[in-house]
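Computed from the coordinates by the stated procedures, all read-outs in this text should not be read as laboratory data. Remember, predicted model here, so these are calculated numbers, not experimental data. Glycine also receives a Cβ, built like all others from the backbone with ideal geometry; neighbour counts cover every protein chain displayed.
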Amino acid sequence: MWDRFPVIKAELAAFEDYLKSRLSSRIEFLDIASKGVVLSGGKRLRPAFTIIAALHGDYNRERVFPAAAAVEILHAATLIHDDIIDNAKTRRGQMTLSEKHNINLAVYTGDYLFAKSLRLLVDTGLKPEKLNVLARTISIICECEIDQYIGKYDIGTVKNYLKRIIGKTGMLFSASLILGAKTANLSDDVARLFGRFGNSFGAAFQIRDDLLDILSDQKTEGKPVLNDLKEGIATLPIIISASKNPELREMVNDFFDGNGGDINQLIQAVISSGGIKDSEKLKNRYVQKCKSYIEQMPKTPYTDALNEIVDWL
């Protein structure tokens, strides 16, 4: 992804070494477990966003890397807790921490990473009032996770779905960009612009994931088809289709009630009801919002990198 942007590629490579160095613990289990979770792969989009935002201003690794690490480690902590709540067996093709060891150790590891994330913020050198963005993000993520859990097995509305995904997914992208902007001494107006971009990117990113949940091949994507629905969560294509098709709504409710049903039949009903097409349209609206925000940003060689990431959605 970064071949056209050698500066970003070099910074991300250096960041990876920095991230590894900040995950050490005197407790052997925590040392191995935290490194195993955080360094297990992923696109590193959140730290990349922190770095890219900072490159628009007074870039300083000593300030940027702790901010980027704080966001990525926080993200890893939320994944550990998500896996516990979802009773997930695997993630990215690897056994989850809670499955490999037990729930108690997984909870402690997640909590340890939360604390590690907050400690890293101190190393950014930012004033306390500028660090509130990550604390607020953690709060909103927790609120939206609880809202989703309470709303399990309820199809819900598009409005509530969008509020939830922006809180769960968009806020962390937004925080990563805002922190990068603040470490680079960019103005509050520019930082807010980056934040709005992050929220819209997160919404498009999550809708894309929802579409993969229905359309993906389990062998190539590494996740079961309609996995979210099996966990009692109605994703956007389901919500849209159920609002148009009473028979599909009944099928989904039967599925939630444990009465089974033909997965392929359900997928075809979602497609024929326009759930896929309308979800793509909504995703593209958020993509266009992202591009609109990019147009308003200070023009640098790194603005093109944001456009390229958005085009990947």
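Worth a mention:
- Per-residue Cβ neighbour rank within 10 angstrom, fewest leading, Tyr18, Tyr149: Tyr149, Tyr18
- Candidates per trypsin sites (Lys or Arg not before Pro) in the range 1-110, loop by DSSP, up to 16 other Cβ within 10 Å: Arg4, Arg26, Lys43, Lys89, Arg92
- Sequence-separation-based contact order of the range 6-312, relative, with Cα cut under 8 Å and 6+ spacing, percent: 18
- Separation between Cα centres of the range 18-71 and the range 114-155, rounded to whole Å: 16
- Sequence of Met251, Met171 once ranked by neighbouring C-beta atoms within 10 Å, starting from the fewest: Met251, Met171
- Spin-label model, Val158 to Asn185: label points 7 Å out along the Cα-to-beta-carbon direction sit 4.6 nm apart.
- Exceeding the 28 Å Cα-Cα cut-off - candidates Lys230/Lys277; Lys127/Lys283; Lys130/Lys163; Lys20/Lys163; Lys20/Lys182; Lys116/Lys182: Lys127/Lys283; Lys20/Lys163
- Between helix 45-54 and the chain there is an angle of about 40 degrees, using the helix long axis and the longest principal axis of the Cα atoms.
- On Cα atoms only, tilt of 263-272 relative to the major axis of the chain in degrees: 80
- Spatial extent of the chain: Rg and Dmax, with the Cα atoms as the point set, Å: 19.8, 58
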